[in-house]
Amino acid sequence: MAELRHDSWLGYTRWRLRRHLHWLRTQGLARLVAEDELNPVDRAAKAAAKWRWRMAHRGRPPGGTAVFLVGVQRSGTNMLVRGLERSPEFAVYNENHRAAFSRFQLRPDPVVRQLVEHSRHPYVLFKPLCDSHRTPELLDGLGLRRSPRALWAYRSVDGRARSAVAKFGDVNLRVLRELANGGGSTRWEAQRLSADSLQLIAGFDWDRMGPLDAAALFWYVRNRLYFELGLAGRPDVLVVSYDAMVAQPEAEMLRICQFLGVAYDRRLIAHVTPRPPGQAEVVQLDPRIRDRCEELSARLEAACREAPAPLPGEVGR
């Protein structure tokens, strides 16, 4: 989740340092290293594998297929990134990669286009969660030689709400309170929200709401963009479920590989510990938020079950 207000570089740097120190205290070093991909041995091994792939394919012309991993923060996107980047065919730009992102948002389109067209890898993966509202423009407006594709990742609202509060505290609460009070129109969180979503946010008494309510409502208004932006049914967008991935990692990764045209390899799920489906801990939410979230959950699950129509074989091989 991006910061609330840090206009100066120094202020932003201090904020990031404080945030990482907080995560270190509350979640431990192992979790921080895993989430931020700080293990030097693991990073070196992946870099070496990608270098070997480039050397073995030196005759391949530059340019790849852009893949945009979008959705809502704390929806298992790091798990997906860690899996796909194990394939040496992928160049990966996570949201903290300075070549592609500035403060977790994508750099201007010409920069993104250059990274894709100059890549020596068949696939160029970006994780622009703060730009999820721009998914149609990223798919249709970059002018790339090969048609991009998008993965819209989602997670159960209860799981996402718990994870977001544990990771970011009351950030969603402060953001939605600002929007409800008529501010924050230039924030990325507010972009492309429908009139109904904005009216819904404004209808709550945010002095009485808690962080879990806010995290759940944020899940709702940002995930419903998948439908409001006309992404449902598009053959170049695949809905991916975190809960399905942890329950049946091989089946879910196979869906992703088939959609992208990537050869499946068990190494892509080696980091995932399967967990049998069970009754997840249900958080206490305002009934109005719960009802909305349950309805949207059913729509997302239905979309996840509906495989998109096959695309032409425009993979960047």
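The values are calculated or read from the model by the stated rules, or taken from the named source; none is laboratory data. Here the structure is a predicted model, which means the values were calculated and not measured. Positions of Cβ are generated from backbone atoms using ideal geometry, with glycine treated the same way; all protein chains shown enter the neighbour counts. Remember, those area values only see protein heavy atoms, side chains included, never the ligands or the DNA or RNA. Shrake-Rupley method; radii C 1.70, N 1.55, O 1.52, S 1.80 Å.
Points to keep in mind about this one:
- Rolling a 1.4 Å probe over the protein chains gives Arg174 an accessible area of about 100 Å².
- The dipole here belongs to the stretch 43-111: it is taken about the Cα centre, uses +1 on the Cβ of Lys and Arg and -1 on the Cβ of Asp and Glu, and is about 320 debye.
- The distance separating the Cα centre of the stretch 66-94 from that of the stretch 207-253 comes to 15 Å.
- Note on Val72: accessible area approximately 0 square angstrom, rounded to 10, probe 1.4 Å, nucleic acids and ligands left out.
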